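Structure record follows, encoded as structure tokens.
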Amino acid sequence: MTEMVMFSAKQYDRDGFDAANASFGHDITFLETRLELDTVELAAGAPAVCVFVNDDVSATVVDALATGGTQCIALRCAGFNNVDLDAAARHGIAVVRVPAYSPNAVAEHTLALILSLNRRIHRAYNRVRDGNFALDGLVGFDLAGKTAGVVGTGKIGTIVARLLWHLRCRVLAVDPVHDPHLVELGVEYVELDRLMRDSDIISLNCPLTAESHHLIDAEAIGRMKQGVMIVNTGRGALIDTGAVIDGLKRGRIGSMALDVYEEEGRLFFEDRSQQIIDDDVFARLLTFPNVLITAHQAFLTHEALDAIATTTLANVSAVLAGDECPNAISAS
Ligand code: NAI
């Protein structure tokens, strides 16, 4: 049995982990608070710490975790851009993650955003409930025959590309690694520049790295088709938010759907409906009728939550038993 402190824990996390833990028997303390320098002492004495996408696992926090005796940082997500891996390696702290819990969940949410945004379902829903049955402003386009560009064809992007292909889009892809099954299907791997120029829809499904940071910036937007649809279910900082706001204002970007946002750590996963949003950039995004935002919920299916809990607990068991853990991330 290992003592594990879980930060940023919501009820759906507790439900999933309590059920899965029946087979592992770890001693889990669920904390609603986010991990950051001010809260790190809550992990003192626990060999395992479990974190999510917006917990702060930067070098200073890792140093403090090491002082408190942490041996394993268990991410209950796939992305690990919020963790200073070098700092963890310096202290001999293992970092483990859940590389694939349900790529279908994220891919299906990406498709839901594309379809909802295109056919203005988010606006139609409110109109009809309000007794407004007018159709002005709800004109979409046929997806069939359009060009969709998928940036990153890993576990999630591959499914996004397939779904779009089945909707009879021409699908372009960018990834240093080419998936032969997608090529066989008819997906065309191209340079990023060509994808930006030719796509009617651009879906971001790559990880956030130094290379992909602000992949969509003013210059990239300048190369895109007039009226392009941009969809980001990857990580917020793949997009320069100021640049897309400018692109939306000028009408260059036709519509945009986001499940992630650069500064989401200060907003997402909490009910802030009684507060004033002090992030003016985000508040501006909310004013566009052609922008659809969900608050990092692409992963949120029962299947994904079950898989996240089981894999995370197995990761912690392996690390603390001194076994090889296939889901360990090493510093580059
Ligand atoms: P993966 O590791 O299976 O695939 C990522 C792919 O992106 C790889 O094929 C890699 O070669 C490619 N890639 C890396 N850098 C690239 C670049 N600069 N340009 C083009 N391709 C590049 O990862 P997976 O599972 O498909 O997840 C992708 C990302 O989705 C994660 O890193 C994470 O940030 C995000 N994600 C978002 C979730 C949400 O709830 N919104 C949930 C899970 C993941």
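The values are calculated or read from the model by the stated rules, or taken from the named source; none is laboratory data. Since the model is a prediction, treat every value here as computed from it, not as a measurement. For neighbour counting, all protein chains shown are included, and Cβ atoms are generated from backbone atoms with ideal geometry for every residue, glycine included. Ligands, DNA and RNA are stripped out before the accessible areas are found, and what is left, the full protein with its side chains, is counted by its heavy atoms. Shrake-Rupley method; radii C 1.70, N 1.55, O 1.52, S 1.80 Å.
Observations, loosely collected:
- Test: residue in region 151-162 that is crowded, with 22+ Cβ neighbours inside 10 Å, among the hydroxyl-bearing types (Ser, Thr, Tyr), in contact with a His (Cβ under 9 Å, 6 or more places away or on another chain) and assigned to a loop (DSSP other than H, G, I, E, B): yes
- All positions within region 163-174 that are touching a strand residue (DSSP E or B) at 6+ places or on another chain (Cβ under 6 Å), away from the ligand (no atom under 11 Å from the Cβ) and either in a helix (DSSP H, G or I) or open to solvent by less than 60 Å² (accessible area, probe 1.4 Å) (or both): Leu164, Trp165, Cys169, Val171, Leu172
- Subset of region 1-34 (residues that are in a helix (DSSP H, G or I), among the acidic types (Asp, Glu) and without any contact (Cβ under 8 Å) to a residue 40 or more places away in the chain): Asp18
- Boolean, Arg266 is away from the ligand (no atom under 15 Å from the Cβ), at pLDDT 95 or above and open to solvent by 50 Å² or more (accessible area, probe 1.4 Å): no
- Criterion violated by Pro326 - all others in (1) crowded, with 19+ Cβ neighbours inside 10 Å; (2) within 16 Å of the ligand (Cβ to nearest atom) satisfied: (1)
- Against the criterion of being modelled with pLDDT under 95, open to solvent by 70 Å² or more (accessible area, probe 1.4 Å) and of a type in the set (D, E, K, R), Arg250 does not qualify.
- Identity of the residue in region 175-208, surrounded by 22 or more Cβ atoms within 10 Å (Cβ to Cβ) and assigned to a strand (DSSP E or B), that ends up nearest to the ligand (Cβ to nearest atom): Leu204
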